[in-house]
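Right, one structure below, let's go through it.
The values are calculated or read from the model by the stated rules, or taken from the named source; none is laboratory data. If you're wondering where the values come from, they're calculated on a predicted model, not measured in any experiment. Virtual Cβ from ideal backbone geometry, glycine too; neighbours counted across all protein chains shown. Note: areas computed on protein heavy atoms with side chains; ligands, DNA, RNA excluded. Shrake-Rupley method; radii C 1.70, N 1.55, O 1.52, S 1.80 Å.
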Amino acid sequence: MDGEVLQAPSVDEIVAQLKAHCPCVEVTKTEERRVYAKVPAENNFKVCQFIHDNLTFEHCSTVIGVDYIDHLTVVYHLTNYYTGVMIELSADVDSENPHIQSVTPIWEGANWHEREQWELFGIVFDNHPRLERLLTPKTYEFFPFRKSYKLRGWE
(Lines give C-alpha, C1' and ligand atoms only; values in the text may rest on other atoms or scores of the structure.)
Protein backbone atom coordinates (compact mmCIF):
# COMPACT_ATOMS: atom_id res chain seq x y z
CA MET A 1 0.00 0.00 0.00
CA ASP A 2 2.98 2.36 0.47
CA GLY A 3 2.97 4.94 -2.31
CA GLU A 4 -0.20 3.51 -3.82
CA VAL A 5 -2.64 6.16 -4.99
CA LEU A 6 -6.26 5.23 -4.40
CA GLN A 7 -8.62 5.88 -7.28
CA ALA A 8 -11.71 7.79 -6.17
CA PRO A 9 -15.01 6.35 -7.40
CA SER A 10 -16.68 8.36 -10.12
CA VAL A 11 -20.21 9.71 -9.96
CA ASP A 12 -21.27 6.82 -12.24
CA GLU A 13 -19.75 4.27 -9.86
CA ILE A 14 -21.46 5.90 -6.88
CA VAL A 15 -24.80 5.83 -8.72
CA ALA A 16 -24.28 2.16 -9.66
CA GLN A 17 -23.58 1.23 -6.03
CA LEU A 18 -26.59 3.21 -4.81
CA LYS A 19 -28.89 1.50 -7.32
CA ALA A 20 -27.47 -1.96 -6.58
CA HIS A 21 -27.75 -1.73 -2.79
CA CYS A 22 -30.69 0.66 -2.41
CA PRO A 23 -33.25 -0.07 -5.16
CA CYS A 24 -35.74 2.32 -3.53
CA VAL A 25 -33.49 5.27 -4.42
CA GLU A 26 -34.38 7.19 -7.57
CA VAL A 27 -31.43 9.06 -9.05
CA THR A 28 -33.03 12.05 -10.76
CA LYS A 29 -29.95 13.78 -12.15
CA THR A 30 -26.16 13.78 -12.07
CA GLU A 31 -23.53 16.41 -12.72
CA GLU A 32 -19.79 16.48 -12.32
CA ARG A 33 -19.23 15.66 -8.62
CA ARG A 34 -22.97 15.83 -7.85
CA VAL A 35 -25.74 13.23 -7.51
CA TYR A 36 -29.40 14.17 -7.03
CA ALA A 37 -31.62 11.43 -5.63
CA LYS A 38 -34.98 10.82 -3.97
CA VAL A 39 -35.76 8.22 -1.34
CA PRO A 40 -39.02 7.23 0.39
CA ALA A 41 -39.02 8.68 3.91
CA GLU A 42 -39.38 5.23 5.48
CA ASN A 43 -36.11 4.11 3.83
CA ASN A 44 -34.17 7.31 4.45
CA PHE A 45 -32.20 6.16 7.51
CA LYS A 46 -31.07 2.87 5.94
CA VAL A 47 -30.01 4.63 2.73
CA CYS A 48 -28.11 7.28 4.69
CA GLN A 49 -26.40 4.55 6.71
CA PHE A 50 -25.30 2.86 3.46
CA ILE A 51 -24.10 6.17 2.00
CA HIS A 52 -22.05 6.84 5.13
CA ASP A 53 -20.66 3.37 5.75
CA ASN A 54 -20.12 2.07 2.21
CA LEU A 55 -19.65 5.19 0.10
CA THR A 56 -17.75 7.08 2.84
CA PHE A 57 -19.76 10.28 2.80
CA GLU A 58 -18.32 11.70 6.01
CA HIS A 59 -20.32 14.89 6.35
CA CYS A 60 -23.95 15.97 6.39
CA SER A 61 -23.50 19.57 5.27
CA THR A 62 -27.14 20.62 5.60
CA VAL A 63 -30.63 19.38 6.34
CA ILE A 64 -33.24 21.61 4.72
CA GLY A 65 -37.03 21.67 4.85
CA VAL A 66 -39.12 22.69 1.84
CA ASP A 67 -42.88 23.34 1.96
CA TYR A 68 -44.71 22.36 -1.22
CA ILE A 69 -48.08 22.97 0.51
CA ASP A 70 -49.42 19.44 -0.15
CA HIS A 71 -46.26 17.86 1.35
CA LEU A 72 -42.94 18.75 2.90
CA THR A 73 -39.55 17.64 1.64
CA VAL A 74 -36.42 17.06 3.69
CA VAL A 75 -33.24 17.66 1.67
CA TYR A 76 -29.84 16.39 2.81
CA HIS A 77 -26.52 17.53 1.34
CA LEU A 78 -24.03 14.74 1.98
CA THR A 79 -20.35 15.25 1.22
CA ASN A 80 -17.49 12.87 0.53
CA TYR A 81 -14.34 14.91 1.15
CA TYR A 82 -12.08 12.33 -0.48
CA THR A 83 -13.90 12.37 -3.83
CA GLY A 84 -15.33 15.89 -3.67
CA VAL A 85 -18.74 14.44 -4.58
CA MET A 86 -21.95 15.68 -2.96
CA ILE A 87 -25.22 13.77 -2.86
CA GLU A 88 -28.41 15.80 -2.60
CA LEU A 89 -30.85 13.29 -1.12
CA SER A 90 -34.48 14.29 -0.69
CA ALA A 91 -37.39 12.58 1.06
CA ASP A 92 -41.03 13.66 0.98
CA VAL A 93 -43.03 13.68 4.21
CA ASP A 94 -46.73 14.24 4.82
CA SER A 95 -47.44 17.87 5.74
CA GLU A 96 -50.13 16.79 8.25
CA ASN A 97 -47.91 14.21 10.00
CA PRO A 98 -44.33 15.08 9.02
CA HIS A 99 -42.16 12.33 10.51
CA ILE A 100 -38.77 11.04 9.37
CA GLN A 101 -36.01 9.14 11.16
CA SER A 102 -33.22 11.32 12.54
CA VAL A 103 -29.82 10.88 10.88
CA THR A 104 -28.03 12.31 13.93
CA PRO A 105 -26.81 8.80 14.94
CA ILE A 106 -25.02 8.65 11.56
CA TRP A 107 -23.79 12.26 11.34
CA GLU A 108 -23.77 14.05 14.70
CA GLY A 109 -23.58 17.39 12.90
CA ALA A 110 -27.13 16.86 11.63
CA ASN A 111 -28.36 17.46 15.19
CA TRP A 112 -28.63 21.24 14.92
CA HIS A 113 -29.91 21.17 11.34
CA GLU A 114 -32.75 18.79 12.30
CA ARG A 115 -33.64 20.87 15.33
CA GLU A 116 -33.89 23.98 13.17
CA GLN A 117 -36.13 22.25 10.60
CA TRP A 118 -38.38 20.91 13.37
CA GLU A 119 -38.68 24.39 14.83
CA LEU A 120 -39.31 26.22 11.57
CA PHE A 121 -41.29 23.62 9.57
CA GLY A 122 -42.61 21.21 12.22
CA ILE A 123 -40.80 18.22 10.71
CA VAL A 124 -40.43 15.62 13.47
CA PHE A 125 -37.12 13.76 13.39
CA ASP A 126 -37.92 10.52 15.20
CA ASN A 127 -35.31 9.33 17.72
CA HIS A 128 -33.54 12.69 17.70
CA PRO A 129 -31.56 13.02 20.95
CA ARG A 130 -32.82 16.52 21.83
CA LEU A 131 -35.55 17.88 19.58
CA GLU A 132 -36.23 21.27 21.13
CA ARG A 133 -36.38 24.90 20.04
CA LEU A 134 -33.26 26.91 19.20
CA LEU A 135 -34.55 30.25 17.89
CA THR A 136 -38.14 30.86 18.94
CA PRO A 137 -39.69 30.99 22.43
CA LYS A 138 -40.59 27.63 24.00
CA THR A 139 -44.25 28.76 24.10
CA TYR A 140 -44.34 29.33 20.32
CA GLU A 141 -46.94 27.04 18.72
CA PHE A 142 -46.42 27.82 15.03
CA PHE A 143 -43.95 26.90 12.33
CA PRO A 144 -42.92 30.20 10.70
CA PHE A 145 -41.43 28.72 7.50
CA ARG A 146 -44.62 26.91 6.57
CA LYS A 147 -46.54 28.55 3.76
CA SER A 148 -49.69 28.27 5.88
CA TYR A 149 -48.15 30.55 8.52
CA LYS A 150 -49.82 33.96 8.59
CA LEU A 151 -47.98 37.00 9.89
CA ARG A 152 -49.94 39.13 12.34
CA GLY A 153 -51.53 42.13 10.71
CA TRP A 154 -51.15 40.74 7.18
CA GLU A 155 -54.09 39.57 5.16
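With viscosity 1.567 mPa s and temperature 4 °C, the Kirkwood radius over alpha carbon pairs of region 5-155 converts through Stokes-Einstein to a diffusion coefficient of 80 µm²/s.
Where in the chain lies the longest segment free of chymotrypsin sites (Phe, Trp or Tyr not before Pro) that are both loop residues by DSSP (not H, G, I, E, B) and have at most 13 other Cβ atoms within 10 Å? Maximal segment without exposed cleavage sites: 1-67. Projecting the Cα atoms of Ile64, Ser10, Ile87 onto the dipole axis of the chain, where Lys and Arg carry +1 and Asp and Glu carry -1 at the beta carbon, places Ile64 farthest toward the positive end. Compute the signed sum of charges (Lys and Arg +1, Asp and Glu -1) over the other residues within less than 12 Å, Cβ to Cβ, of Phe125. Combined, the nearby Lys, Arg, Asp and Glu give -3. Entry note, the chain: the mean residue ellipticity at 222 nm calculated from DSSP H runs of n ≥ 4, each adding -39500 (n - 2.57), is -7000 deg cm²/dmol after division by the residues and rounding to the nearest 500. Among the GluC sites (Glu not before Pro) found in region 34-136, those both in a DSSP coil and sparsely packed, with 15 or fewer other Cβ atoms within 10 Å of their Cβ, are Glu58, Glu96, Glu108, Glu132. Computed over protein heavy atoms with a 1.4 Å probe, the accessible surface of region 31-155 works out to 56 Å² per residue. Judged by the ratio a/c of the largest to the smallest principal axis of the C-alpha gyration tensor, region 90-150 counts as oblate, that ratio being 1.5 or greater while a/b is no larger than b/c. Between Lys19 and Glu132, the FRET efficiency from the beta-carbon distance, with R0 = 30 Å, is close to 0.20. Membrane-span-like helices in the chain, defined here as complete DSSP H runs extending at least 30 Å along the helix axis by their C-alpha atoms with mean Kyte-Doolittle hydropathy no lower than 0.5, are absent; this is a sequence and geometry rule, not a statement about a membrane.
Taking the accessible area of region 46-141, probe 1.4 Å, and keeping the other protein chains in place, the carbon and sulfur fraction comes to 52%. Once the Cα-Cα distance is subtracted from the 0.36 nm per residue extended length, the Glu108 to Asp53 segment shows a gain of 18.4 nm. Bridge orientation summary for region 63-126: considering DSSP beta bridges with both residues in this region, about 85 percent are antiparallel.
Each DSSP beta bridge with both residues in the chain is either parallel or antiparallel, and the antiparallel ones are about 75%. Once the C-beta distance of Tyr140 and Val66 is scaled by a Förster radius of 22 Å, the resulting FRET efficiency is 0.55 to the nearest 0.05.
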